[in-house]
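The values are calculated or read from the model by the stated rules, or taken from the named source; none is laboratory data. Just so it is clear, the model here is predicted, and its values are computed rather than measured. Here the Cβ is made from the backbone with ideal geometry for all residues, glycine too, and neighbour counts use every protein chain on show. All accessible areas refer to the heavy atoms of the entire protein, side chains included, with ligands and DNA or RNA removed. Shrake-Rupley method; radii C 1.70, N 1.55, O 1.52, S 1.80 Å.
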Amino acid sequence: MKIERILRTLKIEGQQQGAGTGAWLPCGGNILEDRSPINGEIIGRIRSATVSDYEKVVTCAVEVFKEWRLVPAPKRGEIVRQIGNALREHKRTLGALVSIEMGKILSEGEGEVQELIDIADFALGQSRMLYGLTMNSERPRHRMYEQWHPLGPVGVITAFNFPVAVWGWNAMIALIAGNTVIWKPSSKTPLCAIATMNIAGRVLKKNGLPEGILNLVIGKRETVGESLIKDPRVPLISATGSVRMGRHVAESVALRLGRTILELGGNNGIIVTENADLDLAARAILFGAVGTAGQRCTTTRRVIAHRNIYRLLVDRLIAAYKQVVIGNPLESKTLMGPLVDRAAADAMGSALEVLKEAGGKVLYGGEILEGSIYEKGPYVMPCICEAKAHFPIVKQETFAPILYLIQYQSLEEAIRYHNAVPQGLSSAIFTEDLREAETFLSHLGSDCGIANVNIGTSGAEIGGAFGGEKDTGGGREAGSDAWKAYMRRQTCTINWSKELPLAQGIRFEV
């Protein structure tokens with residue numbers, strides 16, 4: 001699969017501009033060299049946006065919002081439907097670009113584009129279900145109800161590990177809610193953002209819609225990023241990334257009393273009880289820990305296993321890990337590609353050293369791979385480690401394929417271990433015992449935003465609200481009633497009488 005052909009199909013040729021509103025704007029920033037983690041080769045060059053370029057984008061988004069918000073929601077949904085169909089046509093090529101630029105295997109790259117298609121389908125239906133409520137007024141001949149209005153330009157900051165899907169989770173819902181969107185993608189995956197904007201932009205243009213509905217700015221965090229999060233014209237910032245980044249975004253947006261949707265750290269655990277189907281558990285752990293080379297926010301990082309089945313589970317996992325083919329993510333036999341860059345590999349090595357110093361053990365893997373096929377990319381062996389729940393390194397999220405195994409004796413102890421980390425995104429329990437499953441899902445159980453039984457922590461589907469608690473940030477995206485975050489609620493009361501009674505029986509007469 002030739003990268004040149006893929007880029008040409010996606011309308012990416014030559015040096016790209018880092019700002020667009022439906023048309024690409026000439027930018028004045030530095031040249032960003034985009035290198036593939038597969039082999040370290042440059043696959044594109046982008047002229048970064050400056051603060052003045054950002055100003056052009058946001059001005060356009062603000063002005064066009066005034067027009068876009070007046071389009072009926074079902075009509076906005078029709079545009080989203082067409083965007084979804086356009087993505088279907090480019091699923092294979094855009095998925096390949098995700099693999100080339102980010103490093104995940106081809107099936108995961110295409111799966112990510114499918115997520116974007118799925119959220120477009122979901123948003124289409126949601127465009128006819130932006131429901132309010134009717135309430136009974138205490139005052140006679142009065143009607144009280146609530147309704148939802150478009151909010152304004154929405155800022156979307158995405159991370160490298162899901163370079164198109166996370167934008168879609170936000171943008172498709174924001175569009176049907178009547179908002180315009182300003183996207184700041186990771187500088188590690190700019191071509192995926194440019195390709196996605198090219199596809200969606202052609203749909204908007206075909207329908208005669210003005211520039212500024214979907215917008216893109218690629219630039220430095222210190223300049224463009226700061227401008228976006230501090231801009232009072234952008235009432236909502238949805239940010240996906242590290243906890244450190246999320247805290248800064250939250251503080252900056254809160255200072256101007258704006259809104260945030262934060263999707264931050266994950267340190268996801270699976271409890272495996274003595275009543276579990278170990279084959280099922282091992283398969284789920286393998287994908288959860290090794291998929292995307294451990295670079296998902298929902299990656300399985302901790303397994304808390306009952307001591308009676310601990311050794312059996314370890315043997316199954318090591319046997320499964322030995323079957324994992326590591327290499328070029330574009331090859332069909334590969335199950336794990338490279339980490340995103342050398343810094344990620346170094347962070348993995350440092351975490352393992354800290355683990356050993358604390359008294360933990362590496363049971364399998366952990367090496368940086370060398371040799372002809374690995375010499376130009378940050379390829380590593382996924383590793384299985386023995387650890388204790390109280391180790392500080394276990395409480396941290398290392399964005400790499402490190403799996404910590406912890407033993408427990410009672411379910412109460414397992415849940416305590418599980419919840420004893422700062423993050424609270426995804427969680428799971430494997431058991432055939434109904435009481436154990438229900439305990440895990442109860443108030444006594446998992447403190448995460450996502451809790452599963454007999455499926456892993458990774459692979460959330462469209463329909464349910466995605467997000468977590470504690471250092472994960474508290475945000476919710478995609479399904480359920482997450483659409484409400486992208487709109488403003490208005491409570492309305494209509495008096496259809498000739499009287500003017502006051503609430504709470506207050507009398508005020510002259």
Hey, which lysines would be in cross-link range of LYS361, C-alpha to C-alpha under 25 Å, not counting anything within fewer than 8 residues on its own chain?
LYS322, LYS388, LYS395
Counting all C-alpha pairs of the stretch 49-181, share separated by more than 25 Å (%)
41 percent
Would you list which lysines come within 19 Å of LYS11, measuring only between C-alpha atoms, while excluding same-chain residues fewer than 8 positions from it?
LYS2, LYS91, LYS205, LYS206
Evaluate the relative contact order of the stretch 68-152 (contact order divided by residue number), counting alpha-carbon pairs under 8 angstrom at least 6 apart; express in whole percent.
30 percent
Take every Cα-Cα pair in the stretch 69-144 and report what % of them are more than 21 Å apart.
50 percent
Determine the per residue accessible area of the chain with all protein chains present and a 1.4 angstrom probe, expressed in square angstrom.
43 Å²
Can you give the calculated 222 nm mean residue ellipticity of the chain, where each DSSP H run of n ≥ 4 adds -39,500 (n - 2.57) and the sum is split over every residue, rounded to the nearest 500 deg cm²/dmol?
-11000 deg cm²/dmol
Which trypsin sites (Lys or Arg not before Pro) in the stretch 474-505 sit in a loop by DSSP (not H, G, I, E or B) and have at most 11 other Cβ atoms within 10 Å of their own Cβ?
LYS498
Taking only Cα atoms, what is the 0 to 90° angle, nearest 10, from helix 310-321's long axis to the longest principal axis of the chain?
80 degrees
With the dipole of the chain worked out from charges on the C-beta (+1 for Lys and Arg, -1 for Asp and Glu) around the Cα centre, which of LEU257, SER442, TYR364 lies farthest toward the positive end?
LEU257
Pairs of Cα atoms under 8 Å, at least six residues apart: use those to get the relative contact order of the stretch 323-395, whole percent.
29 percent
Rounded D (µm²/s) - the stretch 5-44, Kirkwood Rh over Cα pairs, Stokes-Einstein at 37 °C, 0.692 mPa s
281 µm²/s
In the chain, how does Rg compare with the Kirkwood Rh, expressed as the Rg/Rh ratio over alpha carbon atoms?
1.01
Can you give me the % of accessible surface on the chain that is carbon or sulfur? Probe 1.4 Å, all protein chains present, nothing else counted.
51 percent
About the Cα centre of the stretch 403-465, how large is the charge dipole given +1 on each Lys and Arg Cβ and -1 on each Asp and Glu Cβ? Please answer in debye to the nearest 20.
160 debye
Compute, for the stretch 195-264, the length of the dipole vector about the Cα centre, with Cβ point charges of +1 (Lys, Arg) and -1 (Asp, Glu) only. Units Debye, rounded to 20.
120 debye
Direction-averaged shadow area of the convex hull around the Cα atoms of the stretch 177-322, nm²?
12.7 nm²
Quick one: of the DSSP bridges fully inside the stretch 6-100, what percent are antiparallel, nearest 5?
75 percent
Could you tell me what percent of the DSSP beta bridges with both partners in the chain are antiparallel, to the nearest 5?
40 percent
Under unit Cβ charges (Lys, Arg +1; Asp, Glu -1), what dipole magnitude, rounded to 20 debye, does the stretch 272-319 have relative to its Cα centre?
220 debye
So for the chain, averaging the separation of alpha carbon pairs under 8 Å that are six or more residues apart and normalising by length, what relative contact order in percent results?
18 percent
Per the charge dipole of the stretch 1-108 (beta-carbon charges, Lys/Arg positive, Asp/Glu negative, Cα centre), the residue among ALA61, GLY103, PRO74 reaching farthest to the positive end is PRO74
